[in-house]
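Reading through the structure tokens given below for one structure.
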Amino acid sequence: MAETAVESDQLVFSFDELMTEDAYEEPLITGGVRCHGGYIGGKYVSPRGAVRRRAIANWHRRLAADGLPVVVVPDKYVPPSYPNYPQAKFLLTEGVVDPLTRALTIISIVEGFGARIREVQLPDFDREIKESIDGTSLAHLGSGLFEAHARDEAGHRDQGGHKQMWEAARDVGLDKPDIPNDVLLRLMTGGSRGERKRAFPELSERMEGMITMMANVLIIETFADNTFTWAKQLLGDPEVSADAERAAHIVDCIARDEVPHVDYLTVALSELRGHTLCSPDGTFAIPGSEVIDTIFRGQLRGMATQRPRENRERLRTEIRQAIADESRATRIARTFEDLDAGWEFPHADDEELDILLSPA
């Protein structure tokens with residue numbers, strides 16, 4: 001694949017450069033929809049990557065050159081998919097399709113919500129960061145990176161994105177299943193967390209809100225790696241999938257597309273750790289590392305403990321609701337539980353969560 005010319009030391013890019021596409025030889029069409037990205041030499045190539053992937057690599061190298069570490073999500077805090085692959089396959093072999101259809105549909109809807117990242121209100125970086133951010137990924141959040149991310153997730157104009165691709169993977173693998181009519185209701189009632197309490201009220205709401213959102217999305221994108229593995233195993237299993245090869249390929253394309261999301265969010269948050277953050281009036285200053293680490297740890301604790309437990313409780317209820325015969329429901333539920341991998345959730349106060357850095 002021919003790379004668009006990007007100098008190894010280039011750190012400033014225009015919006016149009018970050019949107020530049022590779023010269024695809026054939027399009028990705030799935031579910032009757034022309035989706036983003038395409039094929040070069042028979043291999044799938046992610047969208048808007050001709051310059052973006054090199055830009056992110058350059059910013060990452062600058063972090064390393066400056067001796068700054070990068071934020072990471074330790075593997076031990078990444079919950080496995082639930083249901084796991086054996087559990088999900090068991091449900092399908094028993095004809096219990098609704099819980100999995102619902103799960104895949106919710107994933108597609110949430111991916112569509114990813115377009116909202118373009119609506120994030122950025123703080124006044126010049127006033128609220130003491131040092132210059134010229135030539136950083138931070139300086140490009142509002143001039144290409146957030147917009148590219150939004151287009152990847154929800155599609156753009158006549159091209160589908162991850163929302164449409166997940167729908168296609170579901171329909172190809174599960175042979176166009178009936179969509180439960182309670183999907184939107186479940187989604188709307190399952191995500192309320194109440195009003196967010198400010199951790200750093202001295203900083204602007206825009207600064208803290210941006211950091212919180214970025215930390216949240218980075219953790220979600222990191223956790224999603226297990227989701228991709230699970231979906232490729234399940235939808236790629238010819239014993240339960242209507243078109244195993246095609247369904248698994250669609251999921252693999254989505255997984256490839258998510259790599260630059262994890263990469264730029266990691267770099268941007270790590271850059272911010274190395275700066276001094278200020279109140280808008282300049283009367284308060286605090287190391288970015290203190291702000292990033294506090295918010296990142298808080299987000300990770302909640303997402304690695306509370307949310308997985310809630311998902312398990314909800315799915316167990318859905319399984320019983322999907323089976324009318326009580327004795328059969330009990331039998332299936334018992335076998336389903338026996339197939340549980342037995343992952344132990346981290347304790348909410350686990351101090352090892354403080355170890356969130358690695359060399360750039």
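Since every read-out is calculated from the coordinates, none of them should be taken as a lab result. Predicted model, so just to flag it, every value in this text is computed and none were measured. Please note: Cβ atoms are built from the backbone with ideal geometry, for glycine as well, and neighbour counts cover all protein chains shown.
Residue by residue through the stretch 101-116, what is 3J(HN,Hα) from phi via Karplus (6.51 cos²θ - 1.76 cosθ + 1.60, θ = phi - 60°)? Round to whole Hz and write x for glycine and proline.
4, 4, 4, 5, 5, 5, 4, 5, 5, 4, 4, x, 5, x, 5, 5
What list of ³J(HN,Hα) couplings, whole Hz, do you get for the stretch 297-302 from phi and the Karplus terms 6.51, -1.76, 1.60, once you set θ to phi - 60° and write x for glycine and proline?
With coefficients 6.51, -1.76 and 1.60, one gets 5, x, 4, 5, 4, x Hz.
So, how do all the Cα-to-Cα distances of the stretch 1-110 break down into 10 Å bins, in percent, from 0 on up?
For the stretch 1-110, the pair-distance distribution reads 11, 23, 26, 27, 11, 2.
Cα to Cα, under 20 Å, and not fewer than 8 places away if on the same chain: which lysines meet these conditions relative to K43?
Leaving aside lysines fewer than 8 places away in the same chain, those within reach of K43 are K232.
Got a sec to turn the phi values of the stretch 276-289 into Karplus ³J(HN,Hα) couplings, 6.51 cos²θ - 1.76 cosθ + 1.60 with θ = phi - 60°, whole Hz, x for Gly and Pro?
So the J values, rounded to whole Hz, are 9, 9, 10, 5, x, 8, x, 8, 9, 9, 8, x, x, 4.
GNM, the chain, Cα, under 10 Å: largest mean-square fluctuation among G42, G302, G236?
G42
By counting other Cβ atoms within 10 Å of each Cβ, how are K176, K163 ranked from fewest to most?
K176, K163
Below 30 Å, Cα to Cα, which lysines can K130 reach? Residues fewer than 8 away in the same chain don't count.
Result set, ordered by chain and number: K197.
Need the C-alpha centroid separation for the stretch 203-248 versus the stretch 282-308, integer Å.
About 21 Å separates the Cα centre of the stretch 203-248 from the one of the stretch 282-308.
So if I take the centroid of the Cα atoms in the stretch 11-25 and the same for the stretch 130-149, what is the distance between those two points in Å?
15 Å
From the convex hull of the Cα coordinates of the stretch 74-341, what is the mean projected area in square nanometres?
Numbers: hull surface 60.2 nm².
Result: 15.1 nm².
Would you please give the residues with an amide H less than 5 Å from that of V71, counting only those at least 5 places away or on a separate chain, with H modeled from the backbone geometry?
Here the answer is S270, since their amide H atoms fall under 5 Å of that of V71.
Quick one: putting +1 on the C-beta of Lys and Arg, -1 on the C-beta of Asp and Glu, what dipole do you get for the stretch 200-241 around its Cα centre, in Debye to the nearest 20?
80 debye
How tilted is helix 162-173 with respect to the longest principal axis of the chain? Cα atoms for both, answer in degrees (0 to 90, nearest 10).
The angle comes out near 20 degrees.
With N residues in the stretch 234-316, what two-decimal value do you get for its Cα radius of gyration over 2.2 N^0.38 Å?
1.71
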